[in-house]
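Peer 1: This is the structure, below, for whatever I ask next.
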Amino acid sequence: MASHPKYHLTNALPILLLLTAVFSVQPLNAATPTYPCPYAQTVNISDGLRLKDGSYLYAGLLIPANMTAQYNFKVVDGVLTNAPPHIRGCACRQRPCITFCCPPEQVFDEQKRSCMPHASSLNAEQQRARYAHIEVTDSADGSVRVVNITDLFVMRYEVGCSRKYIDKSDDIFWKWDLYANGSLSSLDKIWDTDQYCLTPLEHKKVWSLVPLTCERSAHGFRLWIYVICLFIATLVYAFILLTLVSIRAVRNGGYGESLIFHLASTIIGLAALTYLALRSRLELSETACRNIGFIAYVFLMFSFFLLTIISWNFWYNFKTRRLSSWKRKIIYMLAFGLAVGLRFLLKFIQDSDVYQPLKPGIGDAFCWFDVRLWGILLYYYIPILICLGFSMLLYLRTYIIIWNLSDDIINVAGYDIKLIKAHFYAFFAYLLGVSCVWLRELVVYLTFRWRGQYYIIDFVTGVCIFGLSIAGLFFLLYKNPLVRLWWHVNVTPERPDNDVYLTQIYHAADQARTDKLKEGYKDEIKEEDIALK
């Protein structure tokens, strides 16, 4: 039978919209009206000389007033932590910076992971002398020259990350090259200014300046549990998705089609979160960090919108109405457009002068929401709860309609009543699991806010999402009569226990098609009528 071009066009529109939104994510600058440049390009200039016009003299540089700001935080492990108010300037834009872990009178203590007084017998003046000169490698020919640090660089004093890689027994640890742009080569990797810090360490009874970089195996067991659970959940959802797509009767039906979009969106969102969990904030550029965070947000929100659409479609069907395929696809596109609109709203709020605690924090200290701010509640948890609450309300209204149906009704809006009931109850069980997981998320967030404590990775969240994927495997696949029939026909030779019931489904489909022909509704005859959405 020849395919209708309009039908294929409407099928392709949601996919085109998804791809357009993904590839239309534009690079974003980390600078904001409050903070004129990224934190990694700033230096604490509180000890500098402030001039009448608001500019500062620091390390021989004149830093304009519009390139300075007051900060009440510092960045450790790519995360904002509270700090006494101080003035920072964009000195690294005028001259390359190199980072020292501690001031000259102190040394980084590897046990306490903080700056402590120097343990050697050197006096303060001798210790400062170690910060006067440094070897710089020419990136072109590899030649090395000794330079006065203050002539070529601006010195930053930042810890950078709390977990430092220190292995004094490894000769490679003591070999490094500093380049004129402030980057550093160590451990077979190039590190930017904000990814290392220099400190004196004792080696063979000699104190040597050595760069400390973020520990290469800094991921704790909590993070690994979180990542592994998310990864397995993504694979489970992918298996469900591929199974549903491979069954024609499912993918051509309204319920199955909506589930396919929901699962695809969930997979993309979880994959983005898994990637962000595995990558340190310091390892990603400002553009990549923020864009990946927004991609995760768009697709996760779209997945919750689809749950509401599915709930609404059940209610609409039991009101003895039938939604055409093209109208349903328009609803998908509007829902995805709403998710994209929320993404741009978050981008606007993040880059505006809105009160800092009301910002989402995506792309700033975190690539995902900053849990120390109220933004995750306002722009993530509340919209999710609204979607789930509305879905539950629609479920209750639909259940009341089902309860009041006469026992002799075998068809609702052209659908077999037993099939649509099976889909309805299985979907509600899955929806109930989703609601429980995200209600727990909200309670945990509010509890930590009330205690004044903040978590970055809650590994129980990963366990819950993994459990939710298993629930999806059971309720969205095993409890789907069309999937079970396909499985018994194509995989196992046995006849299913409910073979009579499933056969009646297809007979009902043929009868519905015949009735339409008799009534003259030839234009409404489509494959979806056979699939029984």
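Peer 1: Can you tell me which of 267, 240, 260 is touching a Leu at 6+ places or on another chain (Cβ under 9 Å), on the phi < 0 side of the Ramachandran plot and surrounded by fewer than 20 Cβ atoms within 10 Å (Cβ to Cβ)?
Peer 2: That would be 260, the only listed residue that is touching a Leu at 6+ places or on another chain (Cβ under 9 Å), on the phi < 0 side of the Ramachandran plot and surrounded by fewer than 20 Cβ atoms within 10 Å (Cβ to Cβ).
Peer 1: Now for a separate question. Against the condition more than 27 Å from residue 324 (Cα to Cα), part of a helix (DSSP H, G or I) and within 13 Å of the chain's Cα centre (by Cα), how does residue 272 come out, does it pass?
Peer 2: So residue 272 passes the test.
Peer 1: Just a yes or no: is a residue in the stretch 299-320 in contact with a strand residue (DSSP E or B) (Cβ under 8 Å, 6 or more places away or on another chain) and outside any helix (DSSP H, G or I)?
Peer 2: yes
Peer 1: With respect to residue 197, determine if the residue is at pLDDT below 75 and on the phi < 0 side of the Ramachandran plot.
Peer 2: no
Peer 1: Being outside any strand (DSSP E or B) and among the acidic types (Asp, Glu) is the filter here; which residues of the stretch 175-205 pass it?
Peer 2: Hits for the stretch 175-205 are 188, 192, 194.
Peer 1: Regarding the stretch 298-308, can at least one residue be identified that is touching a residue at least 40 places away in the same chain (Cβ under 8 Å), surrounded by fewer than 22 Cβ atoms within 10 Å (Cβ to Cβ) and more than 25 Å from residue 350 (Cβ to Cβ)?
Peer 2: Scanning the stretch 298-308, I find at least one residue that is touching a residue at least 40 places away in the same chain (Cβ under 8 Å), surrounded by fewer than 22 Cβ atoms within 10 Å (Cβ to Cβ) and more than 25 Å from residue 350 (Cβ to Cβ), so the answer is yes.
Peer 1: Any residue that is over 26 Å from residue 250 (Cβ atoms), outside the structural domain of residue 71 (by TED's automatic domain parsing) and modelled with pLDDT under 85 - is there at least one of those in the stretch 393-403?
Peer 2: Looking for residues that are over 26 Å from residue 250 (Cβ atoms), outside the structural domain of residue 71 (by TED's automatic domain parsing) and modelled with pLDDT under 85, one finds at least one in the stretch 393-403, hence yes.
Peer 1: Another question, then. How many residues does the stretch 154-174 hold that are in a loop (DSSP other than H, G, I, E, B), over 36 Å from the mean Cα position of the chain (by Cα) and among the charged types (D, E, K, R)?
Peer 2: Residues meeting the conditions: 2.
Peer 1: Just for the stretch 364-406: of the residues that are polar (S, T, N, Q) and not in a loop (DSSP other than H, G, I, E, B), which one is farthest from residue 277 (Cα to Cα)?
Peer 2: Filtering the stretch 364-406 for residues that are polar (S, T, N, Q) and not in a loop (DSSP other than H, G, I, E, B), the one farthest from residue 277 (Cα to Cα) comes out as 398.
Peer 1: Just give me the residues in the stretch 77-106 being of a type in the set (Val, Ile, Thr), buried (at least 17 other Cβ atoms within 10 Å of the Cβ) and under 23 Å from residue 360 (Cα atoms), in sequence order.
Peer 2: 79
Peer 1: Still on this structure, please answer the following. Which residues, taken from the stretch 222-240, are free of Cβ contacts under 8 Å to residues at least 60 places away in the same chain and more than 16 Å from residue 461 (Cβ to Cβ)?
Peer 2: Correct list: 235, 238.
Peer 1: When you scan the stretch 332-344, do you find a residue that is in contact with a Pro (Cβ under 6 Å, 6 or more places away or on another chain), over 30 Å from residue 74 (Cα atoms), crowded, with 17+ Cβ neighbours inside 10 Å and of a type outside the set (S, T, N, Q), even just one?
Peer 2: Yes, the stretch 332-344 has at least one match.
Peer 1: In the stretch 131-153, is there at least one residue being under 40 Å from the mean Cα position of the chain (by Cα), crowded, with 17+ Cβ neighbours inside 10 Å and assigned to a loop (DSSP other than H, G, I, E, B)?
Peer 2: Yes, the stretch 131-153 contains at least one residue that is under 40 Å from the mean Cα position of the chain (by Cα), crowded, with 17+ Cβ neighbours inside 10 Å and assigned to a loop (DSSP other than H, G, I, E, B).
Peer 1: Restricting to the stretch 206-223, and then to whatever is assigned to a helix (DSSP H, G or I) and over 16 Å from the mean Cα position of the chain (by Cα), can you tell me which residue is modelled with the lowest pLDDT?
Peer 2: 221
Peer 1: Just to be sure, is residue 17 modelled with pLDDT under 75 and surrounded by fewer than 19 Cβ atoms within 10 Å (Cβ to Cβ)?
Peer 2: Yes: the conditions hold for residue 17.
The values are calculated or read from the model by the stated rules, or taken from the named source; none is laboratory data. Since the structure is predicted, the reported quantities are computational estimates derived from the model, not experimental observations. Positions of Cβ are backbone-derived with ideal geometry, glycine not excepted, and every protein chain shown enters the neighbour counts.
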